[in-house]
Amino acid sequence: MSDMLKGVSSSSSSANQIPSLAATYSRKTTKVTNANQRNGKVTKYARIPFTSSARDDGLSLKHWRRSKSAKGADYEFAKFNHTTRMVVYTDVEYNTLQLDTQQKDDVFQWSRNETDYLLSLCHHFGLRWPVIADRYSYASSSNSSFKKSSSSSSSSSSSISTTPSNSNSIIRNVLDLKHRYYYIARAVLSLRYDRAIKTGPAPARVKLNAPYSVDVLQPGPVEAKLLMAFMYNIKDEQNRIQFLENVFNKTADQEDEEASLKLELKRIGKMK
């Protein structure tokens, strides 16, 4: 019993030797803090107007900021509004390049009106191709019936298109729209920056007339060089999407069989 009491007393004495972790209270620090609050000035805020360079309508709004802030300063988040410069042709460029002629791999021809309609959607939706394809609903003025594009039947994931409103509506998917735009962009920029046939400086802005009149900023020399080097291949894109679909739709049995074949191939390779 005495040994037990000695053990308890020793443990309690050792516990008392542990330093306390309780928060300490310094009257000196508190006095300094209170003095600074009494002698310091309260920061004043005011509703300061501002504009955003990311908007074209010149809208002026107000928000609470420090009174010393500059009035009429640009909105600080406007610098994150990056827009893609899209290519728009002029009437002379369109006629010179004869862009009405049928492209390779196209089932039916693109008209000038439909191409203008495509560029208007590209400008309105900032070259966001799934959105453009979802909103695409061009009705041809011709009475001839159009058949569905062959590229849309090759892949179900690439056939994002709207339901035609009438029998004259042309059905095009994402690949068709991208194929037409990048073909136009490459041809127009090659005409502008080819020194052999260049007749003047490349235009900085081109007016887009359909469906509204707006001046579209054109790509600079660096962006134009990248676009001219890029060649959109619709066949390769179809094969890539089809391959991804096949991989995504694999069953568990097919994956196990593929794994066993890889092991067998590795075993045969070691035997050699």
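For this structure, a couple of remarks:
- Given (1) loosely packed, with under 11 Cβ neighbours inside 10 Å; (2) without any contact (Cβ under 8 Å) to a residue 40 or more places away in the chain; (3) of a type outside the set (Lys, Arg), index of the condition Phe50 fails: (1)
- In this entry, Ile268 is excluded by the filter for residues that are at pLDDT 90 or above and either out of contact with any Lys or Arg (no Cβ under 9 Å at 6 or more places or on another chain) or under 21 Å from Leu175 (Cβ atoms) (or both).
- Scanning region 166-173 turns up one or more residues that are modelled with pLDDT under 90, among the small types (Gly, Ala, Ser) and assigned to a loop (DSSP other than H, G, I, E, B).
- Enumeration of residues in region 65-102 that are out of contact with any helix residue (DSSP H, G or I) (no Cβ under 7 Å at 6 or more places or on another chain), in a loop (DSSP other than H, G, I, E, B) and open to solvent by 90 Å² or more (accessible area, probe 1.4 Å): Lys68, Lys71, Phe77, His82, Thr83, Thr84, Gln98, Gln102
- Residues within region 41-91 that are over 30 Å from Ala202 (Cβ atoms), modelled with pLDDT of 85 or more and of a type in the set (A, V, I, L, M, F, W, C), tallied: 7
- Condition check for Val222: hydrophobic (A, V, I, L, M, F, W, C) and touching a helix residue (DSSP H, G or I) at 6+ places or on another chain (Cβ under 8 Å): no
- Checking Ser158 against (1) within 21 Å of the chain's Cα centre (by Cα); (2) of a type in the set (Ser, Thr, Tyr); (3) at pLDDT 90 or above, the condition it does not meet: (3)
- Members of region 100-147 that are hydrophobic (A, V, I, L, M, F, W, C), over 21 Å from Lys235 (Cβ atoms) and modelled with pLDDT under 85: Ala139, Phe146
- Scan of region 211-269 for residues that are in a helix (DSSP H, G or I) and acidic (Asp, Glu), ordered by number: Glu223, Asp236, Glu237, Glu245, Asp253, Glu255, Asp256, Glu257, Glu258, Glu264
The values are calculated or read from the model by the stated rules, or taken from the named source; none is laboratory data. Owing to the predicted nature of the structure, the values given are computational and were not obtained by experimental measurement. Counting neighbours? That spans all protein chains shown, and the Cβs are built from the backbone with ideal geometry, glycine included. Surface areas here come from the heavy atoms of the whole protein model, side chains and all, with no ligands, DNA or RNA. Shrake-Rupley method; radii C 1.70, N 1.55, O 1.52, S 1.80 Å.
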